[in-house]
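Computed from the coordinates by the stated procedures, all read-outs in this text should not be read as laboratory data. Keep in mind that this is a model prediction, so the values were computed, not measured. Note that each Cβ is placed from the backbone with ideal geometry, even for glycine, and that neighbours are counted across all protein chains shown.
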Amino acid sequence: MKLQEINLNTSYLELDSVFYDRVNPTPLHKPYLISHNPEATKLIGLDAQEAQTQEFIDFVNGKELLEGSQPFSMCYAGHQFGHFVPRLGDGRAINLGETQGWNLQLKGAGPTLYSRQGDGRAVTRSSIREYLMSEAMHALGIPTTRALALIGSDERVARERWEKGAIVLRMSPSWVRFGTFEYFYHTKKHDKLETLADYVIVQSFPHLKDKEDAYFLMYNEVVKGTAELMAHWQSVGFNHGVMNTDNMSIASVTIDYGPYAFLDAYDFNYICNHTDQDGRYSFGNQPPVAYWNLSMLARSLSPIISMERMEKALESFGELFSQKYLELMRAKLGLHKQQQGDLGLLKHLLGVLGSQNIDYTAFFRALSHYDGHRVPLLALCVLQTPLNEWLDDYDKRLKLEESENRNEKMLRTNPKYILKNYILQEAIEKAEEGDLSLVNDLLKLAQNPYEEHSAFERYAKSTPPHHQNLKLSCSS
């Protein structure tokens, strides 16, 4: 399909105008294409060669609108680091419309009603990070927004320093957030809660439409989806960094990639966001924070759903999380039969990985090749006794499994490549110097994390010591 053949739907604008503000993008000066994502073009039925045209750049720049597009930004509130902020909204994001079940949005396309004295811009650094990571997470099997394209410019934007402006065209099955419901609860526009819930059910939970008790069933879906999303994050060692309620998706997908990070060595208390001095959004605290965020969502829905029933539904969060997490971790360990001692085996391993400073991703990839020969695994640590003791227990556990195709299955479960921050920083620095090649190479690497890539073998090794445990800012 040609670009101009795409017709966008803006069903969100059928809601009352209090939900949004119509705003046109402010195009960047002298834009250029940094990268486009052929996998995402397929999702919306767009011919990949269309991305090579000036028309496509103008589209991502917000200069040319597609048929049916009526740009708008969305209003919402949110708890930021535990403190309620009554009015937030899309401060630098402009929605273009929906096609093929994907809501298209420009991030960095200029100021909106909700910019709060901000410039509405994004910079090359943060845009590259979001563009690549959303695709990496998808390839790892984690529910996430996607990215269609990324453009840069020579336009200067002030952050910690002067940087070049960029726009990423991102896609999501929904942009409704926990904070969207919070806005209408705290402004006492309770009639709008039903309107919003009806919209969410049609868009994200169509199987609930016209069902009795649909609002309560919707909340149950969000609890389950959020619990399983947290299990995915924890299993791959992903730290989001800013789990404010306005960054939590009602559709239970990962949204708003800011100061995120993957673990280097396993560290339950790792904090990737240097703004988070108290560690509210540390790696290990993500499931409890998700639970707390769901309780804030329940409070916001209480005018239309029984609070008592939602509290009871929320009690299932811990079990839902644990079941999914153990399922994912068993797969990483090559264990497919559930055994009573599996949780203890896993806790023992995580303790060893943390105490011996063993790279989380590199270890599980090496374990995927394990056939009883311990040298490659023991080479990952200085003190070998703790890991040897764990391997003794692991060997006993493997005897309870069918060994057929175990290594092959584990190699399809444990990625060889994840985009750690030092890798992304290399691509950012090259791009800022005008070399866009590594951004596009990393896109291919991100989309094929289980494959062998001989040219990038060094990225599969343990994180170099001077790059470990980097912390980033919210503008990252």
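When Rg and Dmax are taken over the Cα atoms of segment 293-364, they come to 17.7, 51 Å. Considering amide H positions built from the backbone, and no H for Pro or chain starts, which residues 5 or more places from I255, or on another chain, come under 5 Å of its amide H? Result for I255 returns S249. Taken over segment 1-79, the alpha-carbon convex hull comes to 136 cubic angstrom per residue. For E5 and F456, the difference between the fully extended length at 0.36 nm per residue and the C-alpha to C-alpha distance is 158.5 nm. Spin-label pair A214-E433: with each label point 7 Å from Cα along the Cα-Cβ axis, the two points sit 5.6 nm from one another.
Mean projected area of the convex hull spanned by the Cα atoms of segment 3-172, taken over all viewing directions: 10.2 nm².
With K and R counted +1 and D and E -1, the other residues having a Cβ less than 12 Å from that of R374 yield a net charge of -4. Distant-in-sequence amide contacts of H79, defined by a placed amide H-H separation under 5 Å and a gap of 5 or more residues or a different chain, comprise V85, T245, D246. A viscosity of 0.890 mPa s and a temperature of 25 °C, combined with the Kirkwood radius over C-alpha pairs in the Stokes-Einstein formula, give segment 1-46 a diffusion coefficient of 175 µm²/s.
Cross-link list K42/K312; K42/K188; K63/K192; K42/K63; K337/K444: which exceed 31 angstrom alpha carbon to alpha carbon? The partial results should precede the final answer.
On the way: K42/K312 41 Å; K42/K188 42 Å; K63/K192 33 Å; K42/K63 23 Å; K337/K444 34 Å.
Cα-Cα > 31 Å for K42/K312; K42/K188; K63/K192; K337/K444; rest within.
Inter-label distance, E311 to R412: 4.6 nm, where each label sits 7 Å from its Cα along the C-beta direction.
Note on the chain: helix-only mean residue ellipticity at 222 nm, from DSSP H runs of 4+ residues weighted -39500 (n - 2.57) and normalised by residue number, equals -12000 deg cm²/dmol. Show the residues, 5+ positions off or on another chain, whose built amide H is closer than 5 Å to the amide H of A166. Excluding prolines and chain starts, which carry no amide H, the hits are A122, V123, T124. If you look at the Cα atoms of segment 183-265, you get an Rg and a Dmax of 15.3, 49 Å.
You can think of it this way: the chain between H29 and K347 has 109.2 nm of extra reach, that is 0.36 nm per residue less the Cα-Cα gap.
Can you tell me what the convex hull of the Cα atoms of segment 335-411 projects to on average, as an area in nm²?
Numbers: hull surface 18.9 nm².
For segment 335-411, averaging the hull's shadow over all directions gives 4.7 nm².
For the chain, the longest principal axis of the Cα atoms and the long axis of helix 317-333 meet at an angle of about 50 degrees.
How charged is the neighbourhood of S462? Take every other residue with its Cβ under 13 Å from the Cβ of S462, and add Lys/Arg as +1 and Asp/Glu as -1. Spell out each step's value before the answer.
Working: positive: R365, K416, K420, R458, K461; negative: D264, D359, E457.
Taking every other residue near S462 into account, the sum is +2.
Checking every one of the trypsin sites (Lys or Arg not before Pro) in segment 118-174 against DSSP loop status and a limit of 12 other Cβ atoms within 10 Å picks out R161.
Computed extension gain for N440 through R397, at 0.36 nm per residue and net of the alpha carbon distance, reaches 11.3 nm. Percent of C-alpha pairs per 10 Å bin in segment 238-339, short distances first: 13, 37, 34, 14, 1. If you plug the beta carbon distance of R87 and K471 into 1/(1 + (r/R0)^6) with R0 = 35 Å, you get a FRET efficiency near 0.75.
Where does helix 286-301 land angle-wise versus the long Cα axis of the chain, in degrees 0 to 90, nearest 10? Helix 286-301 sits at roughly 30 degrees to that axis.
Computed from the C-beta positions of T195 and K337, the FRET efficiency with R₀ = 51 Å rounds to 0.60. Computed over segment 139-219, the percent of Cα pairs more than 19 Å apart is 60.
Charges were assigned to the Cβ only: +1 to each Lys and Arg, -1 to each Asp and Glu. The resulting dipole of segment 10-109 about its Cα centre is roughly 460 debye. Against the longest principal axis of the chain, how steep is helix 385-398, in degrees 0 to 90 to the nearest 10, with axes from Cα atoms? The answer is roughly 90 degrees.
Counting only other residues whose beta carbon sits under 10 Å from that of L15, what net charge do I get with K and R as +1, D and E as -1? Let's see the in-between values first.
Details: positive: K192; negative: E14, D16, D198.
In short, -2.
The string of couplings for segment 218-229 from the Karplus curve (6.51, -1.76, 1.60, θ = phi - 60°) is 4, 4, 4, 4, 5, 4, 5, x, 5, 4, 6, 4 Hz, one whole number per residue in order, with x for Gly and Pro. Within segment 83-130, the ratio Rg/Rh, alpha carbon atoms throughout and Rh by Kirkwood, equals 1.04. Rounded to the nearest whole Hz, the Karplus-based 3J(HN,Hα) values (6.51 cos²θ - 1.76 cosθ + 1.60, θ = phi - 60°) of segment 65-80 follow the sequence 9, 7, 4, x, 6, 10, x, 7, 10, 9, 9, 7, 10, x, 8, 10, with x at glycine and proline. Histogrammed with a bin width of 5 Å, the alpha carbon distances of segment 236-275 distribute as 5, 23, 28, 23, 15, 5, 0 percent, first bin at zero.
Expressed as a whole percent, how much of the Cα-Cα distance distribution for segment 371-438 exceeds 17 Å? Summing the P(r) of segment 371-438 above 17 Å gives 65 percent of all pairs.
Per-residue Karplus couplings for segment 367-374, computed as 6.51 cos²θ - 1.76 cosθ + 1.60 with θ equal to phi - 60°, are listed in order as 5, 5, 9, 5, 10, x, 8, 8 Hz, Gly and Pro entered as x.
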